[in-house]
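A short write-up of the structure that comes next.
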Amino acid sequence: MPIEIGYWAVRGYGEPCRLLLRYAETEWTDAIIPLTQEGMDSWFKDKKYNTGLDFPNLPYLIDGDVKLTQSLAIMRYLGRKFGLSPSEADVAKCDNFEQAIQDLRLGIAKVAYSSAETFEGLKAEFLEKLPKKLEEVATFIGVGPYALGEKVTYVDFLALEYLEVVARFSPDHVAGGPIAEYIQRVRDLPALKKFFESDDCTHNSYSMNAPEPISQWPGWPNKE
């Protein structure tokens, strides 16, 4: 049976898992849950507590007897399965980078899923701190070409997705710099390049966060 990834029909916290599986060029099932009343009912009233998940949530992974939730647990599992884990010498660096990139995404989520009254204030607070955070990421990656050097690892797919979210949220902070160059290098990996150039590329239709009114900043394609 192919691996099944379940998540809403947005990019969100499920997209790094999807990107990794596309890179691995393995057979898998994209169990998309539409952000409609029918889709939400199918998850909350049916599948969520009837799928055998220890901690029911989205995204989820089912791979035979392995059933996982929590996006980082899924990414680590997929990294081990497809030879995309760091070397023993780089495990600590990988853990550190993983958490730093996750914090960036959580920071944008805090802004995006705020109220209309608090959105602008939280956005300004996030953007004030962003240059330093991106400088730290760029310094960590260095000449790369990937997050941990020559080897592609699972954290590159976290970084690709979450740094693209940052680039969409505040293009001026990323354009023309080392973060943009890193994003492009990972996008140019052959299997991902094929996906991004295909008619089936969901990045042309999926928002980065949930649509309005669930979020204040959905991050639609080709829109700031």
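The values are calculated or read from the model by the stated rules, or taken from the named source; none is laboratory data. Not measured: the values here are computed from a predicted model. Cβ coordinates were reconstructed from backbone atoms using ideal geometry, including for glycine residues, and neighbour counts include every protein chain displayed. Just so you know, the surface numbers come from the protein's heavy atoms only, side chains and all, with ligands and any DNA or RNA stripped out. Shrake-Rupley method; radii C 1.70, N 1.55, O 1.52, S 1.80 Å.
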To the nearest Å², the heavy-atom accessible area per residue of the chain with 1.4 Å probe amounts to 50 Å²
Contour minus Cα-Cα span, Gln184 to Glu212, at 0.36 nm per residue, comes to 7.2 nm
For Lys110, counting only lysines whose alpha-carbon sits under 18 Å away and dropping same-chain residues fewer than eight positions off, the answer is Lys123, Lys129, Lys133
Binned at 10 Å starting from 0, the alpha-carbon pair-distance distribution of region 1-118 in whole percents comes out as 12, 39, 35, 12, 2
On the formula 1/(1 + (r/R0)^6), with r taken between the Cβ atoms of Arg80 and Phe55 and R0 of 25 Å, the FRET efficiency rounded to 0.05 is 0.80
In the chain the DSSP beta bridges are antiparallel at a rate, in percent to nearest 5, of 55 percent
Carbon/sulfur accessible area of the chain, % of total, 1.4 Å probe, equals 51 percent
Only helices counted: for the chain, with every DSSP H run of 4 or more residues adding -39500 (n - 2.57) and the sum spread over all residues, [θ] at 222 nm is -14500 deg cm²/dmol
About its Cα centre, the chain carries a charge dipole, from +1 on Lys and Arg Cβ atoms and -1 on Asp and Glu Cβ atoms, whose size in debye to the nearest 20 is 160 debye
Within region 102-118, the residues whose backbone N lies under 19 Å from a label point placed 7 Å from the Cα of Leu127 along the Cα-to-Cβ direction are 104-118
Given the candidates Val174, Trp220, Asn96, the one whose Cα lies deepest towards the positive end of the charge dipole of the chain, counting +1 at each Lys or Arg C-beta and -1 at each Asp or Glu C-beta, is Asn96
